[in-house]
1. Ranked highest first by average number of other Cβ atoms within 10 Å, how do 189-198, 256-265 line up?
2. Among 271-279, 227-235, 90-98, 120-128, how do they line up from the highest to the lowest mean number of other beta-carbon atoms within 10 Å?
3. Need the full-extension length gain, SER264 to PHE220, defined as separation in residues times 0.36 nm minus the C-alpha distance. One decimal, nm.
4. Taking only the alpha-carbon positions of the chain and ignoring solvent, what does the Debye formula give for the base-10 log of I(q)/I(0) at q = 0.14 Å⁻¹?
5. Longer than 32 Å from Cα to Cα, which of LYS6/LYS347; LYS148/LYS319; LYS219/LYS347; LYS270/LYS328 are they? Say none if no pair is.
6. Considering only DSSP beta bridges whose two residues both sit in the chain, what percent are antiparallel, to the nearest 5?
7. Please calculate how many Å² of accessible area the chain carries per residue, with a 1.4 Å probe and no DNA, RNA or ligand atoms counted.
8. Let me have the relative contact order for the range 1-64, percent, based on Cα pairs under 8 Å that are six or more residues apart.
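The values are calculated or read from the model by the stated rules, or taken from the named source; none is laboratory data. On a predicted model such as this, the values are computed, not experimentally measured, just so you know. Don't worry about glycine lacking a Cβ; one is built from the backbone with ideal geometry, like all the others, and counts go over all protein chains shown. Areas reflect the complete protein model, heavy atoms only, side chains present, ligands, DNA and RNA absent. Shrake-Rupley method; radii C 1.70, N 1.55, O 1.52, S 1.80 Å.
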Amino acid sequence: MQDSTKILHNIPVDELTGAISVPIYQTATYVQEAPGVNKGFDYSRTNNPTRKVLEELIAKLENGKTGVAFGSGIAAIDAVLRLLKPGDEILAIDDIYGGAFRLFTQIYKKYGIKVNYIDTSNVEHVVNAISSNTKFIWLETPSNPTLKVSDIQKIAQIAKHYNSLVVVDNTFASPVIQRPLDLGADIIIHSATKYLAGHSDVIAGLVVTREEELGAKIKFLQNATGAVPGPFDCWLSIRGIQTLELRLERQCKNAALITDFLTSSKYIDKVYYPGLSSHKNHHIAAQQQKLFGAMVSFSLKDDNAFSAIKLAQSTTFFKLAESLGGVKSLICHPFSMTHKTIPAEIKRTTGIQDSLIRLSCGIESAEDLVKDLEQALESIHQKKYAVSFADV
Ligand SMILES: *Cc1c(COP(=O)(O)O)cnc(C)c1O
């Protein structure tokens with residue numbers, strides 16, 4: 001069964017009324033016949049029918065056993081971290097999502113969780129850094145913002161020898177592009193805010209586990225710590241997921257055409273896109289991903305933050321904003337925006353150059369998007385000459 005069919009037909013029709021759209025059960029509690037005798041729901045922090053549809057849908061899509069929904073991607077990450085105890089270690093990809101870095105360093109460090117950041121796109125680095133204290137190998141692939149690709153299958157094989165679990169933040173790919181559980185990963189995290197919901201109109205997070213036992217632990221944490229999404233946010237996420245495959249096909253096509261333009265532009269230094277044959281792990285991306293994704297990053301020949309920020313302010317269709325994955329194209333400057341909490345020296349060593357620009361390609365026409373970038377690049381370079389002329 002193709003993904004779109006699988007998605008649409010795993011969203012049940014409401015048994016009570018036949019409603020084809022999932023009802024929004026905006027309720028906190030449920031009337032019981034007798035204490036403890038109910039219809040499967042007793043309190044909406046614990047369980048809610050709208051949320052249940054979303055949780056079962058994402059579990060099916062990722063080929064996992066259990067799906068658990070959270071109020072944000074960060075809350076989903078937080079729940080997974082609560083599986084650890086003081087002294088446990090995480091091996092994490094070095095250009096990890098800034099919010100995860102902040103959670104690791106400013107919250108979990110004081111609880112005795114140690115994180116070792118390495119370039120997981122090189123399997124040898126994982127082999128060298130792993131130890132019996134390693135409880136999680138934390139991957140983002142493709143990563144944010146330099147789109148590094150890590151070999152999930154190989155890393156999962158290494159992890160097994162050390163009894164450590166492989167956690168994959170699958171936000172950048174989505175299950176339509178990549179299914180980490182099929183490659184041996186144990187836990188999937190999603191910021192559903194991004195591709196899954198897809199319209200930049202909701203904040204939500206999801207966790208999917210390969211095993212039921214681990215799923216029950218996450219489910220326990222969801223209820224015990226309470227970072228649940230509301231029914232309407234679950235409904236928006238379900239509604240978004242229905243068009244996930246369709247949107248991504250268009251978005252990935254746009255990303256490839258934009259990459260073609262960028263690689264031929266005289267103003268651009270490096271272009272980061274897993275679909276480029278020059279990408280370090282292009283062959284791995286081709287194996288483990290169905291499409292190459294809709295995120296593209298690039299740096300300018302004129303490598304300074306000022307030019308990059310000017311560029312990000314000079315586009316019309318690419319809106320200057322954090323976040324990604326929505327139908328409208330977005331542009332951002334990771335150095336001063338999404339990754340500002342990471343110290344400058346660490347940023348530069350992990351490839352987050354001063355002039356790095358990250359694009360989230362939307363569903364607009366590729367021609368309009370390319371023209372938009374072209375005029376923005378021309379305009380910042382013309383302005384620059386005007387400034388330097390005046391300086392003389
Ligand atoms: C946005 C994002 C998150 C955090 O998700 P929120 O929904 O914003 O809390 C986590 N991981 C990645 C890769 C992200 O892009």
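1. Taking the mean over residues of other Cβ atoms within 10 Å, the ranking is 189-198, 256-265.
2. 90-98, 227-235, 271-279, 120-128
3. 10.7 nm
4. Treating every Cα as an identical point scatterer, log10 I(q)/I(0) equals -1.21.
5. Going by Cα-Cα distance, LYS6/LYS347; LYS219/LYS347 fall outside the 32 Å limit.
6. Antiparallel bridges make up about 55 percent of those DSSP assigns within the chain.
7. Computed with neighbouring chains in place, this is 44 Å² per residue.
8. 31
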